[in-house]
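The values are calculated or read from the model by the stated rules, or taken from the named source; none is laboratory data. Keep in mind the model is a prediction, meaning the values are calculated, not measured. Note that we place each Cβ from the backbone using ideal geometry, even for glycine, and neighbour counts take in every protein chain shown.
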């Protein structure tokens, strides 16, 4: 009986070692969220590369009427996280606000973007912080 109990304890320890800790729910909460990287060996990419990203933005970005009416131009920096599965999360603007709907329009285009090719560290997909400028010019 003592030997069977030791095997059971050993097997339970082995299970706990093999299962990542962030897969357990603690106190009814969601699993621990993996902190995004700033720089990885293989950075995330828009499908088709930079030219395809520029084309997507050019074809899908609309200039807000209020910004046109008041002749507002400038750069809006959009910060976001490319998740392990390529979806964009935590989308927000940073830096000087131009107003007149430009920040909202910049965020909107990123919310509608297709999945990216995720970043990788040591061959494993990981979440990565990114920041891209959207230039509004009349």
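Worth a mention:
- Any hit, segment 82-92, residues being assigned to a strand (DSSP E or B), out of contact with any helix residue (DSSP H, G or I) (no Cβ under 8 Å at 6 or more places or on another chain) and loosely packed, with under 14 Cβ neighbours inside 10 Å: yes
- Selection count, segment 66-96, where residues are out of contact with any strand residue (DSSP E or B) (no Cβ under 8 Å at 6 or more places or on another chain), modelled with pLDDT of 95 or more and over 13 Å from residue 128 (Cα atoms): 0
- The one condition in (1) over 15 Å from residue 119 (Cβ atoms); (2) at pLDDT 95 or above; (3) surrounded by 14 or more Cβ atoms within 10 Å (Cβ to Cβ) that residue 55 fails to fulfil: (3)
- Only residues that are surrounded by fewer than 18 Cβ atoms within 10 Å (Cβ to Cβ), touching a residue at least 40 places away in the same chain (Cβ under 8 Å) and assigned to a strand (DSSP E or B) were counted in segment 94-119, giving 1.
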